[in-house]
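Q: Starting off with a structure, shown below.
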Amino acid sequence: ETLQRIVSTLVNKNDEIHNFIDMLNHTISNVQVNSSNAISELDEEFDGLYSILHEMKGSMANTIQQEEARKIQALQDQLSQCSRALESSEELLELAVQSLDIKNPVELLEAARQIKDSVTVASAFRLSLKPEVSDSMTHMMVDFALEKRMLQAVKFLPVPKAPEIDVAACLVADNCITISWRMPEEDSRIDHFVLEYRKTNFEGLPRLKGEQRWELVDYIKATQYTLSGLKFDTKYVNLRVQACNKAVAGEYSDPVTLETKAFVFSLDSTSSHPNLKVEDTYVEWDPTGGKGQEKIKGKENKNRSNTASPKRSTSIPRASARGSRDRFAGESYTVLGDTAVESGQHYWEVRAQKDCKSYSVGVTYRNLGKFDQLGKTNSSWCIHINNWLQTTFSAKHNNKAKTLDIPVPDRIGVYCNFDGGQLSFYNANSKAVLHTFRTKFTQPLLPGFMIWCGGLTVSTGLQVPSAVKTLQKSENELGGSTSSLNNVA
């Protein structure tokens with residue numbers, strides 16, 4: 001036996017070494033591939049830099065050529081003006097020299113007067129004998145000394161440090177998680193952050209086995225993010241964050257685990273009324289009740305009240321929280337949840353189809369009889385909506401009903417405070433209170449639903465909304481109000 005244990009240990013160690021060798025070979029391969037990728041990216045960056053410099057050189061050379069053309073054109077225009085003025089001046093000078101040979105004083109005086117007038121308006125005397133533009137091009141010179149120093153200082157981008165999650169600033173409320181983090185030191189090169197999260201039933205650090213895969217949220221620009229629309233169907237959520245610059249991602253932060261407990265249940269199809277079609281969290285009125293299938297099978301179905309209707313979902317249901325019992329029958333049209341409330345505060349919501357004729361939403365002890373209806377026993381509480389002929393809205397318990405003179409919401413929230421002995425119904429949209437039962441619950445409670453003509457969708461995995469908590473706190477401070485249907489059970 002000792003030798004066998006030694007052999008077994010050696011076998012395990014050999015397997016570990018083989019696995020480690022495979023991992024090292026895989027790592028070597030990854031290093032080669034990643035190095036090749038890094039060189040390719042480096043080539044792309046330098047090619048991009050060369051392209052920019054070449055484009056800049058072309059643009060600046062074109063500017064110099066335009067300035068050269070402008071100056072030459074201005075000087076050529078000035079040169080043309082001077083040439084024309086010189087030609088006119090030479091003609092006038094020749095005329096003046098000829099006038100000096102005139103002997104007749106009168107003619108000489110007239111010629112002199114004409115020469116004087118011509119000289120007065122001669123263009124040669126209006127010319128500026130200074131070039132209009134300078135021959136200097138020094139204003140088109142560049143100095144890349146600073147840029148050269150910057151290029152010489154180019155190094156590989158530093159890997160961003162791991163962010164630090166601020167647990168005190170993280171918030172879990174209303175099926176949302178707000179997570180905040182900060183960088184250990186200022187880093188102007190950070191471009192964005194990546195958040196990863198996954199659900200778990202384990203408190204503390206993430207485990208290697210039995211965990212769900214990480215879900216990713218990319219390109220977060222701020223140092224805070226809110227995950228919304230979550231279903232809290234596990235006890236905790238792991239979260240971690242990494243910082244990224246333009247080229248590289250840093251290490252992940254130390255993961256944090258936040259508590260996300262909520263009440264999760266499915267509908268118990270194994271004991272629902274035959275006229276109900278149940279699938280997980282959806283129940284629908286089924287007028288055939290599987291009778292069409294029973295006619296085909298004949299007598300073999302007569303005494304099989306526990307056999308699921310062929311129209312029901314073929315998925316395997318959870319084990320019933322009530323244990324084995326007959327299906328609901330008669331006019332109960334009831335289905336219960338498969339998980340009991342035994343302590344704490346819980347919340348779930350129900351949405352009815354628009355064509356639903358009659359339905360009830362509430363809770364009950366496990367002892368609800370197969371022919372019983374919600375609210376008609378002293379161990380069940382509900383609100384009931386009847387849309388047949390005219391709409392009626394009422395709260396029911398112990399076969400007593402209280403009419404609720406308020407509009408029926410399209411979504412109903414159910415809040416159960418087992419230890420505090422409180423069952424409240426809310427407009428799930430506005431969080432306005434529809435009705436509250438106060439009692440002392442002495443047995444575990446099962447969510448209950450009655451449906452006739454139509455369907456109900458149940459939303460579970462929901463936390464008690466902040467608005468409901470606020471209302472409960474205010475009501476408790478005021479001492480609460482007692483319904484006429486309340487009792488001590």
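Residue-wise test of (1) farther than 30 Å from residue 448 by Cβ; (2) open to solvent by 60 Å² or more (accessible area, probe 1.4 Å); (3) touching a residue at least 40 places away in the same chain (Cβ under 8 Å); (4) not in a loop (DSSP other than H, G, I, E, B).
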{"position": "172", "(1), (2), (3), (4)": "no, no, yes, yes"}
{"position": "232", "(1), (2), (3), (4)": "no, no, yes, no"}
{"position": "239", "(1), (2), (3), (4)": "yes, no, yes, yes"}
{"position": "247", "(1), (2), (3), (4)": "yes, yes, yes, no"}
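Q: Which of the residues spanning the range 259-283 are under 31 Å from the mean Cα position of the chain (by Cα) and open to solvent by 20 Å² or more (accessible area, probe 1.4 Å)?
A: 259, 261, 262, 264, 279, 280, 281, 282
Q: Scan the range 143-165 residue by residue and report those that are open to solvent by 40 Å² or more (accessible area, probe 1.4 Å) and either of a type in the set (Phe, Trp, Tyr) or assigned to a strand (DSSP E or B) (or both).
A: Correct list: 144, 156, 164.
Q: Name every residue in the range 338-360 that is open to solvent by 50 Å² or more (accessible area, probe 1.4 Å) and part of a loop (DSSP other than H, G, I, E, B), in order of residue number.
A: Step one: of the range 338-360, the residues open to solvent by 50 Å² or more (accessible area, probe 1.4 Å) are 342-343, 345, 351, 353-355, 357.
Matches in the range 338-360: 342, 343, 353, 354, 355, 357.
Q: Taking the range 361-410, which residues are more than 21 Å from residue 270 (Cβ to Cβ), of a type outside the set (S, T, N, Q) and assigned to a loop (DSSP other than H, G, I, E, B)?
A: 375, 376, 388, 389, 404, 405, 406, 407, 408, 409, 410
Q: Taking the range 423-455 as the region of interest, how many residues are free of Cβ contacts under 8 Å to residues at least 40 places away in the same chain and either open to solvent by less than 20 Å² (accessible area, probe 1.4 Å) or in contact with a Pro (Cβ under 7 Å, 6 or more places away or on another chain) (or both)?
A: Counting residues in the range 423-455 that are free of Cβ contacts under 8 Å to residues at least 40 places away in the same chain and either open to solvent by less than 20 Å² (accessible area, probe 1.4 Å) or in contact with a Pro (Cβ under 7 Å, 6 or more places away or on another chain) (or both) gives 2.
Q: Testing residue 168 on (1) more than 30 Å from residue 89 (Cβ to Cβ); (2) in a loop (DSSP other than H, G, I, E, B), one condition comes back false. Which one is that?
A: Here residue 168 clears every test but (2).
Q: Looking at the range 456-479, is at least one residue more than 38 Å from the chain's Cα centre (by Cα), at pLDDT below 75, open to solvent by 60 Å² or more (accessible area, probe 1.4 Å) and farther than 30 Å from residue 284 by Cβ? Spell out how you get there, then give the answer.
A: Of the residues in the range 456-479, the ones more than 38 Å from the chain's Cα centre (by Cα) are 478-479.
Checking which are at pLDDT below 75 leaves us with 478-479.
Checking the rest, the ones that are also open to solvent by 60 Å² or more (accessible area, probe 1.4 Å) come to 478-479.
Next, only the ones that are farther than 30 Å from residue 284 by Cβ stay: 478-479.
The answer is yes, given that some residue of the range 456-479 is more than 38 Å from the chain's Cα centre (by Cα), at pLDDT below 75, open to solvent by 60 Å² or more (accessible area, probe 1.4 Å) and farther than 30 Å from residue 284 by Cβ.
Residue-by-condition table, conditions (1) touching a helix residue (DSSP H, G or I) at 6+ places or on another chain (Cβ under 7 Å); (2) open to solvent by less than 80 Å² (accessible area, probe 1.4 Å); (3) small (Gly, Ala, Ser):
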position: 2; (1), (2), (3): no, no, no
position: 6; (1), (2), (3): no, no, no
position: 17; (1), (2), (3): no, no, no
position: 20; (1), (2), (3): no, no, no
position: 27; (1), (2), (3): no, yes, no
position: 31; (1), (2), (3): no, no, no
position: 38; (1), (2), (3): no, yes, yes
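Q: Then there is this: Hey, among the residues in the range 121-137 that are of a type in the set (Ser, Thr, Tyr) and farther than 18 Å from residue 94 by Cβ, which one's farthest from the chain's Cα centre (by Cα)?
A: To start, the set of residues in the range 121-137 that are of a type in the set (Ser, Thr, Tyr) comprises 123, 128, 134, 136.
From the residues that got through so far, the ones that are farther than 18 Å from residue 94 by Cβ too are 128, 134, 136.
Values: 128: 73, 134: 63, 136: 61 Å.
Filtering the range 121-137 for residues that are of a type in the set (Ser, Thr, Tyr) and farther than 18 Å from residue 94 by Cβ, the one farthest from the chain's Cα centre (by Cα) comes out as 128.
Q: Under 9 Å between Cβ atoms, which residue pairs at least 6 apart in sequence (or on different chains) link something in the range 30-49 that is of a type in the set (Asp, Glu) with a partner that is open to solvent by less than 80 Å² (accessible area, probe 1.4 Å)?
A: As it stands, the answer is 41/247; 45/247, since those pairs meet every condition given.
Q: Under 8 Å by Cβ, and 6 or more places apart or on different chains, what pairs join a residue from the range 351-365 that is in the same structural domain as residue 398 (by the TED database) with one that is open to solvent by 10 Å² or more (accessible area, probe 1.4 Å) and basic (Lys, Arg)?
A: These pairs meet every condition: 351/411; 360/396; 362/396.
Q: Another question, if that's okay. Give me the pairs: first residue in the range 370-391 and farther than 16 Å from residue 408 by Cβ, second residue assigned to a loop (DSSP other than H, G, I, E, B) and acidic (Asp, Glu), beta-carbon distance under 9 Å, and six or more apart or on different chains, which are they?
A: Sorted first by the residue in the range 370-391, then by its partner, the pairs are 370/326; 371/331; 373/331; 379/372; 380/372.
Q: Checking residue 44 against (1) of a type in the set (D, E, K, R); (2) surrounded by 12 or more Cβ atoms within 10 Å (Cβ to Cβ); (3) farther than 21 Å from residue 139 by Cβ, only one condition comes out false. Which one?
A: All conditions pass for residue 44, except number (2).
Q: If I filter the range 210-226 for residues that are touching a Leu at 6+ places or on another chain (Cβ under 7 Å) and open to solvent by 60 Å² or more (accessible area, probe 1.4 Å), do I get at least one hit? Full working, then the answer.
A: We begin by selecting, within the range 210-226, every residue touching a Leu at 6+ places or on another chain (Cβ under 7 Å); these are 217, 220, 225.
Still in the running and open to solvent by 60 Å² or more (accessible area, probe 1.4 Å): 225.
Looking for residues that are touching a Leu at 6+ places or on another chain (Cβ under 7 Å) and open to solvent by 60 Å² or more (accessible area, probe 1.4 Å), one finds at least one in the range 210-226, hence yes.
Q: Quick test for you: out of 89, 59, pick the one residue that is part of a helix (DSSP H, G or I), in contact with a helix residue (DSSP H, G or I) (Cβ under 6 Å, 6 or more places away or on another chain) and either open to solvent by 80 Å² or more (accessible area, probe 1.4 Å) or not hydrophobic (A, V, I, L, M, F, W, C) (or both). Talk me through it step by step, then tell me what you get.
A: Working: 59 fails: in contact with a helix residue (DSSP H, G or I) (Cβ under 6 Å, 6 or more places away or on another chain).
Sole residue among the options that is part of a helix (DSSP H, G or I), in contact with a helix residue (DSSP H, G or I) (Cβ under 6 Å, 6 or more places away or on another chain) and either open to solvent by 80 Å² or more (accessible area, probe 1.4 Å) or not hydrophobic (A, V, I, L, M, F, W, C) (or both): 89.
Q: Here is a further query. Among the residues of the range 174-209, which ones are open to solvent by 100 Å² or more (accessible area, probe 1.4 Å), farther than 24 Å from residue 244 by Cβ and of a type in the set (D, E, K, R)?
A: Restricting attention to the range 174-209, the residues satisfying the condition of being open to solvent by 100 Å² or more (accessible area, probe 1.4 Å) are 182, 185-186, 188-189, 203, 205, 207-209.
If we keep only those that are farther than 24 Å from residue 244 by Cβ too, we end up with 203, 207-209.
Residues satisfying the conditions are 203, 207, 209.
Q: Could you give me the residue pairs with C-beta distances under 9 Å whose first residue belongs to the range 115-134 and is part of a helix (DSSP H, G or I), whose second residue is at pLDDT below 80 and surrounded by 10 or more Cβ atoms within 10 Å (Cβ to Cβ) wherever it lies, and which are 6+ apart or on separate chains?
A: 119/125
Q: Before we move on, is residue 119 closer than 30 Å to residue 260 by Cα and surrounded by 11 or more Cβ atoms within 10 Å (Cβ to Cβ)?
A: On the way: closer than 30 Å to residue 260 by Cα: no; surrounded by 11 or more Cβ atoms within 10 Å (Cβ to Cβ): yes.
The answer is no for residue 119.
The values are calculated or read from the model by the stated rules, or taken from the named source; none is laboratory data. Bear in mind that the values here come from a model prediction, so they are computed numbers and not experimental data. With ideal geometry, Cβ positions are generated from the backbone for all residues, glycine too; neighbour counts draw on all protein chains shown. In case anyone asks, the SASA skips ligands and DNA or RNA and just uses the protein heavy atoms, side chains included. Shrake-Rupley method; radii C 1.70, N 1.55, O 1.52, S 1.80 Å.
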